[in-house]
Amino acid sequence: MQRPTGVTILAVLDLIGAALCVLFALGAGALSAFLGTAAASQSHSPLGVIVGLGGAVAAVVFLLFAALAIAIGIGMLKLHNWARLTTIVLTALGVASALLGILTSMAHFVIGVLIYQLIVVAIDVWIIVYLLKPHVKAAFAGGNASTAAA
């Protein structure tokens, strides 16, 4: 079964996103350690602990997102249908979030954010439509290799 080119692109983007999440996790951990130490040395308030704990929580959340993105990326490369369905669900949640952003930007007359959110919605809808196409579904189901070409 040949993997459609678009699926490969989406999988690589998942893996790049995972790498970025790991970098953000490292940055959140390092920044919270620095700010926590600085706040603790300036005063004996609990601010240092709060900042350090907040950074640690952010780092763990970023690492969880990285693990999810790695799993989905590998699942997409291996044509596991659960990865396709998970991508569809998460992308649909992204559309819902972007639609809220559109409403917010319209309420506050922020044109730049409105344009950005419209682009996000267009890309997300394209991804969902692409993953629902028959030849893509067939590739994930192990269908005919001749119909699985991108």
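With an 8 Å Cα cut-off and a minimum separation of 6 or more residues, compute the relative contact order for segment 53-117 in percent.
17
Please report the projected area of the chain's Cα convex hull averaged over all directions, in nm².
The directionally averaged projection comes out at 10.8 nm².
List the residues of segment 1-29 whose backbone N lies under 20 Å from a point placed 7 Å from the Cα of A38 along the Cα-to-Cβ direction.
24-29
Which of D14, D124 comes first, and how do the rest follow, when ranked by fewest Cβ neighbours within 10 Å?
D124, D14
With an 8 Å Cα cut-off and a minimum separation of 6 or more residues, compute the relative contact order for the chain in percent.
30
With each label point set 7 Å from Cα along the Cα-Cβ vector, what nm distance links A30 and V125?
The modelled label-to-label distance comes out at 4.1 nm.
To test your reading of the geometry: what angle, between 0 and 90 degrees and rounded to tens, separates the Cα axis of helix 5-42 from the longest principal axis of the chain?
Around 0 degrees separate the two axes.
Can you put S32, S41, S105 in order, fewest other beta carbons within 10 Å first?
S41, S105, S32
Readers should treat all values here as calculations from the given coordinates under stated rules, not as data from a laboratory. Keep in mind the model is a prediction, meaning the values are calculated, not measured. Here the Cβ is made from the backbone with ideal geometry for all residues, glycine too, and neighbour counts use every protein chain on show.
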